[in-house]
Ligand SMILES: Cc1ncc(COP(=O)(O)O)c(C=O)c1O
């Protein structure tokens, strides 16, 4: 079975760490790991030190973004430019603060900002640009975008929630006065502490502001549930084939043991203040465990990405920008939904990031001011995209997957 959505990051070591923590509640809220994890994040993500950059931690990326926007002294109806082909977690904090999201289109090479459309959408009210590194692929025209931002005196938030290919980024350019990085440690991101997010910046004043929000710690019962996720997910993954995993999954949902990634309120188009909480020490311990294996995970992802690039060459009709260790490998195909259904019958569950200009599908786009037709490339990609796993898959499974995809897609594109 190949399943991209089933706990892609969780290993035995993560499950054990989390399980043992269940019996050490005195380490759950405060502890030395909170500071340690900040240093590790700076080193591993951006290869910079603690003396020039500051890290502020939150319970989620969306809450980190909400508080960053709140710290920037923006006026109601000021515009935040953001790409279509993103998720609700990026848009809802903007709307919740009565700011206006203005959507710009993407380019197909990197699924990130198209600078020509970005420039077209600028107005007198534009104040912030969110530059998403979709799947962890660097925006192919990042330098150009940075110069547009500088010229127009805008704030830059680089959304590296999916990861960052630091080898391709010149950190020298992080000398913009208002330059922030948004990170997420959600369960489906490049590193997971189940939930979690951060802002990294060299702007001391804003960093201080971010740390001065007096957010509460999550309650003991919430931390307990968060700690249950890794052991449950690991056992579910291990036993999914023999149905036990499905039963465990069913009962953990029925008894509300796991906190969903997106709440009902968010799906309905409203920011949920539930996540406005401090990042507890228990999650810092989980993240440190993942950071310990950072290079190994990155290398595994790189190996699989290179394998796809080499072996899917019949069906890749565009060039993915750079290789690197991306969290999902994007592929554009015709008849996406039918093909995904057929693959599911063979026990292969792939992803659909993103199947709506603001994902997930069914999210009320009108509530966040998205106008159909305003970002045609993003809309086209939403119809065609599938994602292949890069971490949660062994090389022999990737071989099987590429063979099936080559056959299925070739047949679909050429004979129907
Ligand atoms: C591109 C992007 N940015 C930001 C976020 C926010 O992360 P979090 O789930 O930690 O709130 C997400 C998460 O879904 C995302 O996909």
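The figures follow:
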item	result
Near pairs, Cβ below 9 angstrom, 6+ apart or cross-chain, from region 162-191 (closer than 16 Å to residue 206 by Cα) to any residue that is at pLDDT below 80	179/173; 181/174
Candidate set from region 37-60 (those that are within 22 Å of residue 276 (Cα to Cα) and out of contact with any helix residue (DSSP H, G or I) (no Cβ under 6 Å at 6 or more places or on another chain)); member that is farthest from the ligand (Cβ to nearest atom)	38
Residue list for region 370-380, restricted to those being in a loop (DSSP other than H, G, I, E, B) and surrounded by fewer than 15 Cβ atoms within 10 Å (Cβ to Cβ)	371, 372, 373
Of all residues making up region 354-369, the number that are part of a helix (DSSP H, G or I) and in contact (Cβ under 8 Å) with a residue 24 or more places away in the chain	2
Looking only at region 71-83, and only at residues there that are under 21 Å from the mean Cα position of the chain (by Cα) and more than 12 Å from the ligand (Cβ to nearest atom), the one that is surrounded by the most Cβ atoms within 10 Å (Cβ to Cβ)	80
Filter result for the condition that a residue is at pLDDT 95 or above, away from the ligand (no atom under 13 Å from the Cβ) and closer than 26 Å to residue 53 by Cβ, over 156, 122, 182, 131	156
Complete set of residues in region 212-235 that are outside any helix (DSSP H, G or I) and buried (at least 19 other Cβ atoms within 10 Å of the Cβ)	218
Cβ-Cβ under 7 Å pairs, at least 6 apart or on other chains, region 244-272 side under 14 Å from residue 6 (Cβ atoms) and not assigned by TED's automatic domain parsing to the domain that holds residue 93, far side within 16 Å of the ligand (Cβ to nearest atom) and part of a helix (DSSP H, G or I)	258/229
Given (1) surrounded by 21 or more Cβ atoms within 10 Å (Cβ to Cβ); (2) more than 18 Å from residue 56 (Cβ to Cβ); (3) modelled with pLDDT of 95 or more, number of the condition residue 190 does not satisfy	(3)
Hits in region 134-151 - residues which are within 16 Å of the ligand (Cβ to nearest atom) and closer than 20 Å to residue 93 by Cβ	134
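The values are calculated or read from the model by the stated rules, or taken from the named source; none is laboratory data. Note that the structure is a prediction, hence the values are computed from the model and not measured. Neighbour counts are summed over all protein chains in view; Cβ atoms, including those assigned to glycine, are modelled from backbone coordinates with ideal geometry.
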